1. Scan 80, 67 and give me the residue that is within 20 Å of the chain's Cα centre (by Cα), modelled with pLDDT under 95 and under 15 Å from residue 38 (Cα atoms).
2. With the requirement that a residue be closer than 21 Å to residue 107 by Cα and either surrounded by fewer than 12 Cβ atoms within 10 Å (Cβ to Cβ) or touching a residue at least 60 places away in the same chain (Cβ under 8 Å) (or both), what does the stretch 128-142 give you?
3. Determine whether the stretch 108-125 contains at least one residue that is in a helix (DSSP H, G or I) and either at positive phi or loosely packed, with under 12 Cβ neighbours inside 10 Å (or both).
4. On the basis of being surrounded by fewer than 17 Cβ atoms within 10 Å (Cβ to Cβ), within 23 Å of residue 25 (Cα to Cα) and at pLDDT 90 or above, does residue 38 make the cut?
5. Taking residue 159 as the residue in question, decide whether it is at pLDDT below 95 and either assigned to a helix (DSSP H, G or I) or over 24 Å from residue 26 (Cα atoms) (or both).
6. Tell me yes or no: at least one residue of the stretch 96-103 is free of Cβ contacts under 8 Å to residues at least 40 places away in the same chain, over 18 Å from residue 49 (Cβ atoms), out of contact with any helix residue (DSSP H, G or I) (no Cβ under 9 Å at 6 or more places or on another chain) and not in a helix (DSSP H, G or I).
7. It is to be established whether one or more residues within the stretch 68-86 are under 24 Å from residue 147 (Cβ atoms), exposed (fewer than 14 other Cβ atoms within 10 Å of the Cβ) and free of Cβ contacts under 8 Å to residues at least 24 places away in the same chain.
8. Do we find that residue 163 is out of contact with any helix residue (DSSP H, G or I) (no Cβ under 7 Å at 6 or more places or on another chain) and touching a residue at least 40 places away in the same chain (Cβ under 8 Å) in this structure?
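The values are calculated or read from the model by the stated rules, or taken from the named source; none is laboratory data. A quick note: this is a predicted structure, and the numbers were derived from the prediction, not measured. FYI the Cβ positions are ideal-geometry reconstructions off the backbone, even for glycines, and counts take in every protein chain you see.
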């Protein structure tokens with residue numbers, strides 16, 4: 001992508017309100033994807049507690065389960081909160097605050113979801129593999145999350161900032 005292809009928001013020729021509306025719409029689309037994942041994980045975690053075999057898990061697995069369940073519940077709250085906030089602020093001309101708060105909630109929710117997925121992987125792997133394999137595979141999943149969800153976007157941001165910098 002060339003510098004000309006990277007358009008600044010000011011190049012869109014939209015009003016401030018139009019930009020807030022677009023930003024909120026884009027955020028909601030992103031949250032729909034994340035919410036589907038968190039709902040599937042939450043349903044799985046809620047269901048396994050009622051399985052007969054659940055009573056035989058180790059104390060370590062039980063701790064991992066509880067932490068993962070709470071992280072998943074937290075991710076659910078954080079990822080759905082922008083919708084609840086929007087409903088309470090509807091027609092109050094607070095879109096700027098809504099977008100800012102929703103952005104923080106979405107990032108927090110995605111971070112919590114990342115931890116919950118890693119916990120879920122750890123929980124399952126503890127049951128089906130050795131502790132060493134569990135540690136290696138869970139670490140690999142965690143690393144994949146960090147690289148794709150954090151490092152790649154930060155790298156793209158840095159490259160874009162360097163292109164815009166007058167000293168670059």
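1. Selected residue: 80, the only one of 80, 67 that is within 20 Å of the chain's Cα centre (by Cα), modelled with pLDDT under 95 and under 15 Å from residue 38 (Cα atoms).
2. none
3. Looking for residues that are in a helix (DSSP H, G or I) and either at positive phi or loosely packed, with under 12 Cβ neighbours inside 10 Å (or both), one finds none in the stretch 108-125, hence no.
4. no
5. yes
6. no
7. The answer is no, given that none of the residues of the stretch 68-86 is under 24 Å from residue 147 (Cβ atoms), exposed (fewer than 14 other Cβ atoms within 10 Å of the Cβ) and free of Cβ contacts under 8 Å to residues at least 24 places away in the same chain.
8. Yes: the conditions hold for residue 163.
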